[in-house]
Amino acid sequence: MESLMDVAQGTYRVSTASGSSYILDLDAGLLCRQAGSPTNVGAKLRRDGEFVELVEIVECSVGKPMYLIISLNLPNIPFTTRLTTTVVAIEAMVLDSPTAF
């Protein structure tokens, strides 16, 4: 798959050049980031490994950085952004539940 820009349903694993991967559950409106491998040191981000609310996909295409608007459910902060390194792969997933990856 080359892009999620015209996709409204399903669950996808998006892999980035840093080695991090993101699970985007479009049906539930959730996002979870898994940091890259220990040998590929990337930034540790708040809520890594936890599902957070996915507000909007601004950009998600292979060959471009992914740009998301998310909510961390913090007081007085309605949303924040997440900008990744270049997307290298987008794969459809089939999950029994949003946390079953």
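Tabulated data for the structure shown
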quantity	calculated
Some residue of the range 20-42 being modelled with pLDDT of 95 or more, hydroxyl-bearing (Ser, Thr, Tyr) and over 18 Å from Ile69 (Cβ atoms)	no
Qualifying residue in the range 66-85 (condition: loosely packed, with under 14 Cβ neighbours inside 10 Å, closer than 20 Å to Glu2 by Cβ and at pLDDT 90 or above)	yes
Residue pairs meeting the criteria (Cβ under 6 Å; at least 6 apart or on separate chains; first hydrophobic (A, V, I, L, M, F, W, C) and surrounded by fewer than 15 Cβ atoms within 10 Å (Cβ to Cβ), in the range 17-43; second part of a loop (DSSP other than H, G, I, E, B) and modelled with pLDDT of 90 or more)	none
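The values are calculated or read from the model by the stated rules, or taken from the named source; none is laboratory data. Quick caveat, the model's predicted, so the values are computed rather than measured. Please note: Cβ atoms are built from the backbone with ideal geometry, for glycine as well, and neighbour counts cover all protein chains shown.
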